[in-house]
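Engineer: Once you've had a glance at the structure underneath, I'll fire off some questions.
What follows draws every value from the coordinates through simple rules; no lab data is involved. It should be emphasised that the depicted structure is a prediction, and the values quoted were computed from it without experimental measurement. When we count neighbours, we look across all protein chains shown, and the Cβ atoms used for this are built from the backbone with ideal geometry, even at glycine.
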Amino acid sequence: MKSGEVTVSFEHHRHVGPRYVHGSVTIQFSGGSPFQFRSQARWPQNDDYTDAVERAVREALVGLGALEETACTLLSIAWDEAGSCKAGFAAAARAATRSAFEV
């Protein structure tokens, strides 16, 4: 994505023993802009994983060679009381970022 805008939603579910890891994000990517990460997502009180999402997006963009040309906005998240965790949101953010560049 050199220029333009794409919005990607991705939900991660993975069973780990008797529990599962969950994370769900909707991220807007704007090509042709310097890197910037903003969040408009509303997190449950005491459970804000914005830093983990930003770190995962940044790492994925570095791997794609697109860090310097992509602005990102975390638009929303979906929360699962039993399975949502930092690792789940990071996995969802990485997958969303990679898929934004497959279009």
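Engineer: In the chain, with Lys and Arg counted as +1 and Asp and Glu as -1 at Cβ, which of these residues, Thr50, Gly23, Ala71, has the Cα nearest the positive end of the dipole, that is, farthest along it?
Structural biologist: Of Thr50, Gly23, Ala71, it is Gly23.
Engineer: How large is the charge dipole for the chain, taken about the Cα centre, if only the Cβ atoms of Lys, Arg (+1) and Asp, Glu (-1) carry charge, to the nearest 20 debye? Before the final figure, lay out the partial values.
Structural biologist: Details: 10 positive and 12 negative charges, 31 e Å.
Its charge dipole is roughly 140 debye.
Engineer: Applying a 10 Å radius around every beta-carbon, put 79-85, 40-46, 54-60 in order of their mean neighbour count, most first.
Structural biologist: Numbers: 79-85: 14.7, 40-46: 10.7, 54-60: 19.4.
The densest-packed peptide leads the list: 54-60, 79-85, 40-46.
Engineer: How large is ³J(HN,Hα), in whole Hz, for each residue of segment 54-67 in order, when computed from phi with the Karplus curve 6.51 cos²θ - 1.76 cosθ + 1.60 and θ = phi - 60°, using x for Gly and Pro?
Structural biologist: These are the phi-based 3J(HN,Hα) values: 4, 4, 5, 5, 4, 4, 5, 5, 4, x, 8, x, 10, 4 Hz.
Engineer: Continuing with this model, one more query. Using θ = phi - 60° and the Karplus relation 6.51 cos²θ - 1.76 cosθ + 1.60, list the HN-Hα couplings for segment 87-96 in order, rounded to whole Hz, with x at every Gly or Pro.
Structural biologist: Residue by residue, segment 87-96 yields 5, x, 6, 5, 5, 5, 5, 4, 5, 4 Hz.
Engineer: Based only on other Cβ atoms within 10 Å, what is the fewest-to-most ordering of Val62, Val53? Let's see the in-between values first.
Structural biologist: Values: Val62 12, Val53 28.
Arranged by neighbour count, lowest to highest, Val62, Val53 become Val62, Val53.
Engineer: Using only the Cα atoms, work out Rg/Rh for the chain, with Rh taken as the Kirkwood radius, to two decimals.
Structural biologist: Reported Rg/Rh, Kirkwood definition of Rh: 0.98.
Engineer: Relative to the present Cα-Cα distance, how much length would full extension add between Asp80 and Gln40 at 0.36 nm per residue of separation? Don't jump to the answer; show the numbers that get you there.
Structural biologist: Working: separation 40, 0.36 × 40 = 14.40 nm, distance 1.85 nm.
Extending this stretch completely gives an extra 12.5 nm.
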